Structure formats: C-alpha cells, structure tokens
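Every number here is computed from the coordinates shown, using simple stated rules; none is lab data. What you see is a predicted model, and the numbers here were worked out from it, not measured in a lab. Backbone-built Cβ (ideal geometry, glycine too); neighbour counts: all protein chains shown.
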Amino acid sequence: MEQAWIKVCDAAEVQPDAAFACEVEGRMIAVYQVDERYFATDNVCPHAYALLSDGWLEGSEIECPLHGARFDITTGAVLEGPAECALKTYPVRLEGNEVQCLV
Ligand code: FES
C-alpha cells in the first residue's frame, strides 16, 4: 500500500516531557516533542509488550516502563537493553496545528 501523510494528533496534545499515544491506520504510535521538533515511533516496545507512552522521556530518549530498555526516538536505535531490535520510526511533519506521519 502506498504511504500517505496522515494526521496523528493536534500539536498542542504533545507535551515536551511525555510521549503521546495515538492510533493511526491500526498502528499504535507514540508522538514526541523535543526542542520544538516532533518525532514518532511505534508505541509498542520491540522487546516484549509494553507501551512506551507509559515510559519516561528524557531528552530524546524513551525508557520502556517494563524492563527499562532505552531508545533514541530520533533514530529508533537501542541505547540500552534488554531490547535488541530498533524501534520503528516514522517521518513526521507539522501542517498548521496538525502533526502528520507518513505511515
Ligand atoms: S518490554 Fe520494553 S524492555 Fe521489555
């Protein structure tokens, strides 16, 4: 299926210090705001099953609430285990007050 920019939330819903959980096209996505830039990743941790939106965002790092894996939300890279697989990231753009993702 061809990718398309889709609204995931309003920009005002995304606080700088927390991940915002959305569901788009059947995918669970977490949206983040860091230094006034927006990022989006899968919300489900690739290690087991936990929602990263229940975890802790520090700068551009999200820590999983279940086993403490940490990921760079700008690249999806694993910064600390036990997760071994990178987090899927999505391109994000701001259109007016809408945060849109390419899903
Ligand atoms: S479920 Fe996220 S680190 Fe285990």
Additional length obtainable on full extension of the chain from Ala48 to Trp5, 0.36 nm per residue less Cα span: 12.6 nm
Normalised contact order of the chain, rounded percent, pairs of Cα under 8 Å and 6 or more residues apart: 28
The chain: chymotrypsin sites (Phe, Trp or Tyr not before Pro) falling in loop per DSSP and having at most 16 other Cβ within 10 Å: Tyr49
When the convex hull of its Cα atoms is projected in every direction, mean area for the chain (nm²): 6.0
Fluctuation leader among Glu80, Glu58, Glu36 - the chain, Gaussian network, Cα springs under 10 angstrom: Glu36
Local electrostatic count, Thr89, Cβ distance below 12 Å [Lys/Arg +1, Asp/Glu -1]: -1
